[in-house]
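Notes follow once the structure below has been shown.
Derivation of every value follows stated rules applied to the coordinates shown; laboratory data play no part. Because the structure is a prediction, the values reported are computed rather than measured. Cβ sites come from the backbone with ideal geometry, for glycine too, and all protein chains shown count toward neighbours.
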Amino acid sequence: MNQTHFDTVIVGSGFGGSVMAYRLAEAGREVCLLEKGKAYPPGSFPRSPYNAHDNFWDPKEGRYGLFDLWSFHRIHALVASGLGGGSLVYANVLVRKDEAWFVNENLSQGGYENWPVTRADLEPHYDRVEQVLSPKPYPFEFAPYSGTSKTQAFWTATKRAGLEPFFPGLAVTFANGDAAPVPGEPIHEAEPNLHGRTRLTCRLCGECDVGCNYGSKNTLDYTYLSAAARCGAELRTGCEVKSFAPRDVGGYTVTYVEHPLTAAGPADESAPSTSHTVTADRLVLSAGALGSTYLLLKNRIAFPRLSRRLGTCFSGNGDLLTFVRKRPNAQADPEMPAVIDPTFGPVITSAARVGDALDGDGSSGRGFYLEDAGFPAHLAWALQVMAAPGPLLTLLSQRFLWDWTGKGADPRLPSQLARMLSGNTLAGGVLPLLGMGHDVPDGRLRLRAGRLDVDWNRRASKDYFKRARATSQRVAQELGATFADNPIRYLNRLVTVHPLGGCPMGRNEEEGVVDSYGEVFNYPDLCVVDGAMMPGPVGANPSLTIAALADRCADRLLEKRRRG
Amino acid sequence: MKAGLTFTETLQGHLSFGEHDPQRGALRGTQEGNKIFCHLEVNVGDVERFYLPPQPDNALSGWVYSSALGKRLPVARGNLRFFVKDKSATTGVVTYQLRYCLLLFDELGHPLTVVGVKTIGGSHLGRLWKDATTVRIHLYKGDRFADVAGVSDAHIGHVQGLETLAAGVISVRPLAFLRQLTTLRAADPRSVVRFGGLFMKRLLGAYALGARADRGAR
Ligand SMILES: Cc1cc2nc3c(=O)[nH]c(=O)nc-3n(C[C@H](O)[C@H](O)[C@H](O)COP(=O)(O)OP(=O)(O)OC[C@H]3O[C@@H](n4cnc5c(N)ncnc54)[C@H](O)[C@@H]3O)c2cc1C
Ligand code: SF4
């Protein structure tokens, strides 16, 4: 018989949920974590493009795959569903939020964001999270890592453009302990991971964004979730939370459906989804910025005293993806690789920061980061397949490839993308650049006919995007490359992989939905702990900041219990 | 034998969550694009006594749609009370109210109670059309049907543990009103005439009274 009452129920196993699960379980709390997606042991991430649509999350169509694509009017967001949330597909970059970017604006006088925490508040939590996720800079000084052409190209070009590149921490295991890094070696783990499988050191295959089949990424399932499971936390996969409500006796009732997933394989279509109910003294929503906000909007009827700020402060963290194409006939340049191969090496190895007026060092405008975004070799091939008319194209053109005006799909996009990314037409190679930064969080998530949608005024961030594009263009020039704005121009404005906000933190319910410890105003013991609690963009890659905030929330929750 | 009749009323407007005042809720709701649409069938049990308390027979059915609530939600229980007398505690002005009460369940099964109020009288006759077509609404958490169905404005503030979810204003558009007239149905056509007559009499009476109160104040 399954247990039905817990000290804490956590919804979602991304950065927020996994940190909470471990911290609470470690302190002896009875924790149940409900994750809608599957568990992905090494080797289980699918690669074939022929059944690529099965790799999407769409339960209505019997699909329980890794990628969860949310299509809104004028913007689309890509997130992951699986045990470990976004960490399964993320590019491993762990960067702390810049101290000056914990913005304090007056919301009642036209301001957009007001952070109730500071960098100093988070510092000890950043330290603690880094101990678990163990970020390491890319070992570029060693062979074969030194042969990573996109890293070399990025460093040379950004330096020439007057930027200062650096190696950010990557949550990837390149080496055993202090030994020299070697690709493809078995990793010695002190304790077995929850999959009970051997991991290998990074093999530089460039597939981080579609799931690492070697277990080289220090994803949440190998780190926080394995530790939580060892402390007795119950991790239930395939369990999608639908509704919840306060109980008269205190605490919360949570109803979820269990999808018919086999261990890591495809769905067993003959079995129906079943509905279950559990109760808990406290409920932690960590379903991601979109997932948690959606759940609260859907369940609003049960929570009349929720802040009016629900849905506000949405931003895409300033995401801007551009492609730099190296001319095959470009003059030989001793500091540049002859050919850029974006499929060799982890998806991101390097970053460069562009200053912000808030930095107080003479910089002006809104700041951002540029990173070298590689992509998996099979993606170009996959896109070629997609470019052929077929079910996936239909799926994508409906759900994803809207023209950014929202008027309709641009059916040419997959084929243009495929041409852009495939090696044979590009003798010189291509370097995607991912920009992200301090945009204006003026989006508002809401329900339209029961579905999540966003009202977003892109104009507010126009100067920001213009500046990020201009800088990318400058880097392209230094590469002796053409700046490929088209056809990706659509994508630039289209897709964010960093949706944030929706249940912003605030000092009171006029400012936010939750306090700076994630607790929902007027609803004690209900918390939102994930990207949704951000009152604005993180600027840098957000995961480390989400995890650090979660660690701080866990401290408070445990402290409160001890006192109460 | 009691003579009954039915008609259909469609009302639409805007509401806003976290708001307690219907006017402000409507304003905010318009800005936020939070529409609400009610399609209600009114079932008058007895045309001779429809306006007399306790009016248990005037049932409402139909559905409510709001973009913020998702799909069309069928009315699980509904009740309409005609000409409930209400005296303002502050101004002493007497008005008559048409009070709608609905029990709904949202997509996830959470119950909510909707109370809608048309206030008639208490001012001059020129406001009749607007008054008779405007409904101030409140959405309350949970199934509070039994607690609020028979309660007037003056007393609803004293109902224990009532939690407001949203407030706003809905109204009958002129065209919808004309259509509404064509939906009047009764087993005996005389019931329609009788209902219309009694209704108009009460309606105009409310304003006559309001006018008298006005003069009295002067
Ligand atoms: C391709 C890609 C690359 C990225 N690279 C980086 C990077 O290099 N560095 C970085 O910092 N960030 C990166 N990100 C962003 C990062 O993944 C997210 O910011 C982060 O995962 C957000 O964490 P979270 O805890 O808010 O939610 P998520 O990680 O999104 O986790 C939410 C979890 O909740 C589950 N869930 C949702 N709804 C329900 C429900 N109703 N019931 C049960 N479970 C539910 C989901 O399945 C998911 O597992 C990347 C993202 C993508 C897509
Ligand atoms: S480059 Fe390949 S092996 Fe290395 S972490 Fe990324 S997916 Fe895993």
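Some observations on this one:
- For the range B:18-35 and the range A:1-46, distance of Cα centres in Å: 39 Å
- Long-range amide H partners of A:LEU83 with built H, under 5 Å: A:LYS38, A:ALA39, A:TYR40
- For the pair B:ASP143 and A:ASP361, label points projected 7 Å from Cα toward Cβ lie 6.4 nm apart.
- Taking the Cα centre of the protein assembly as shown as origin and assigning +1 to Lys and Arg Cβ atoms and -1 to Asp and Glu Cβ atoms, the resulting dipole is close to 3360 debye.
- Segment A:GLU164-A:ARG459, extension gain: residue separation times 0.36 nm, minus the distance between their alpha carbons: 103.3 nm
- Treating each Cα of the range A:195-259 as an identical point scatterer and summing with the Debye formula, the log10 of I(q)/I(0) at q = 0.15, 0.18, 0.20, 0.27 Å⁻¹ comes to -0.71, -0.86, -0.94, -1.12.
- Once the GluC sites (Glu not before Pro) in DSSP loops with at most 16 neighbouring Cβ atoms within 10 Å are cut out of chain B, the longest remaining piece is B:49-106.
- Coil-residue chymotrypsin sites (Phe, Trp or Tyr not before Pro) of the range A:85-170, DSSP, other Cβ within 10 Å capped at 14: A:PHE142
- Between B:HIS14 and B:ILE36, B:VAL169, the built amide H atoms are under 5 Å apart, and every one of these is 5 or more places off in sequence or on another chain.
- With the biggest extent put first, the Cα atoms of the range B:1-98 measure 49, 39, 17 Å across the principal axes.
- Computed log₁₀ I(q)/I(0) - Debye formula, equal Cα scatterers, no solvent, the protein assembly as shown, q 0.06, 0.07 Å⁻¹: -0.44, -0.58
- Put the Cα centre of the range B:122-189 next to the Cα centre of the range A:79-93 and the gap is 50 Å.
- One quarter of the surface of the convex hull around the alpha-carbon atoms of the range B:5-217 equals 11.8 nm², the direction-averaged projected area.
- Förster radius 51 Å - calculated FRET efficiency between A:ASP127 and B:HIS20, Cβ distance, rounded to 0.05: 0.65
- Counting DSSP beta bridges with both ends in the protein assembly as shown, the antiparallel % (nearest 5): 85 percent
- Calculated log₁₀ intensity ratio I(q)/I(0) where the Debye formula runs over C-alpha points of the range A:1-143, q = 0.12, 0.21 Å⁻¹: -0.78, -1.31
- Extending 7 Å from the Cα toward the beta-carbon at both B:ARG77 and A:ASN2 defines two label points whose distance is 3.3 nm.
- Förster-model FRET efficiency, 41 Å R0, A:LEU558 and A:SER146, C-beta, rounded to 0.05: 0.35
- Centre separation in Å (Cα based) which lies between the range A:183-238 and the range A:279-351: 22 Å
- Relative contact order (%) - criterion: Cα under 8 Å, at least six apart; region: the range A:70-140: 18 percent
- For the range A:66-165, GluC sites (Glu not before Pro) meeting the loop criterion (DSSP other than H, G, I, E, B) and having at most 14 other Cβ atoms within 10 Å: A:GLU105, A:GLU141.
- Taking all Cα pairs closer than 8 Å and separated by 6 or more residues, the relative contact order of the range B:5-217 comes to 25 percent.
- Coil-residue trypsin sites (Lys or Arg not before Pro) of the range A:288-377, DSSP, other Cβ within 10 Å capped at 10: none
- Helix-only [θ]222 nm of the protein assembly as shown, DSSP H runs n ≥ 4, -39500 (n - 2.57) each, per residue, nearest 500: -7500 deg cm²/dmol
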